[in-house]
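The values are calculated or read from the model by the stated rules, or taken from the named source; none is laboratory data. Here the structure is a predicted model, which means the values were calculated and not measured. Here the Cβ positions follow ideal geometry from the backbone for every residue, glycine too, while neighbour counts run over all protein chains shown. The accessibility values were calculated without ligands, DNA or RNA, using every heavy atom of the protein model including side chains. Shrake-Rupley method; radii C 1.70, N 1.55, O 1.52, S 1.80 Å.
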Amino acid sequence: MNQKILKNALEKLSKDPKIDKLIQEFGSPNFSQTSDHFNALSKSIIYQQLSGKAARTIYNRFLGLFYYNLPQASEVINIDISKFQNIGISKQKSSYIIGLAEYFYKYGNKIDFDNLSDLEVSQELIKIKGIGQWTIDMFLIFTLQRTDILPVGDLGIKKGIKIMFNMKNLPSNKYMIQKSKNWRPYRTVVCWYLWRMIDGEDTW
């Protein structure tokens, strides 16, 4: 996310006292740029339904299976699936990663994700088994760095909004969407702070 967009986001969001408190505590967000779409989506599959710390540990083991810690779709297709399970990746997730590798081996160079709309990205990725809306949202946020993504299915975001608005229970999707309207078009930036509040350095 370029610095001009980030500056505009912080100027707008700091007008909300709840967000400004997080800005003062955690500073300016850092979004690391990557063009490795296959690896980014593999990472998202591994992170599905895991805490940040546990997911990071397994993901680093996954990277360690490949030369220079850079998994290639062509390598993953031919790997012994038991190697994934031996490092803590479930059988189901292992099959998803191999399916993802097959997709990128066939189509990876033909699809320009960077120039697709958010909806077009979703419509393309949803075709891949194991890719749901949460994984798509993570891809839009951390890889394509789209500025206005609210992953309503993410437990960390739900927990963050629960704390922010002093709720007894986790918020509904409808509540999250309603409360986030004032954060548009920079909801991605708010999510970075909510994750930091809940998971600290183990966010992504």
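Average accessible surface for the stretch 64-204: 53 Å² per residue, computed with a 1.4 Å probe over protein heavy atoms with every protein chain in place.
The HN-Hα couplings worked out from phi for the stretch 10-15 by the Karplus form 6.51 cos²θ - 1.76 cosθ + 1.60 (θ = phi - 60°) are 5, 4, 6, 5, 5, 6 Hz, whole numbers, x standing for Gly and Pro. As a fraction of the 1.4 Å probe accessible area of the stretch 37-134, surface on carbon and sulfur atoms comes out at 49 percent.
Compute, for the stretch 125-178, the length of the dipole vector about the Cα centre, with Cβ point charges of +1 (Lys, Arg) and -1 (Asp, Glu) only. Units Debye, rounded to 20. Provide the component values of the computation, followed by the final result.
Values: 8 positive and 3 negative charges, 40 e Å.
Dipole magnitude for the stretch 125-178 comes out near 200 debye.
Kindly flag which residue pairs out of LYS127/LYS159; LYS12/LYS162; LYS159/LYS179; LYS158/LYS179 have an alpha-carbon separation exceeding 20 Å in this structure. Don't skip to the end; give the middle numbers.
Details: LYS127/LYS159 29 Å; LYS12/LYS162 22 Å; LYS159/LYS179 14 Å; LYS158/LYS179 12 Å.
Too far apart for the 20 Å limit: LYS127/LYS159; LYS12/LYS162.
Summed over qualifying helices (DSSP H, 4 residues or more, each -39500 (n - 2.57)) and divided by its residue number, the chain shows a 222 nm mean residue ellipticity of -16500 deg cm²/dmol. Bridgeable aspartates and glutamates around LYS53 (alpha carbons under 19 Å apart, same-chain partners fewer than 8 residues away excluded): ASP154, ASP199, GLU201, ASP202. Looking at the stretch 58-129, none of the GluC sites (Glu not before Pro) sits in a DSSP loop with at most 14 other Cβ atoms within 10 Å of its own Cβ.
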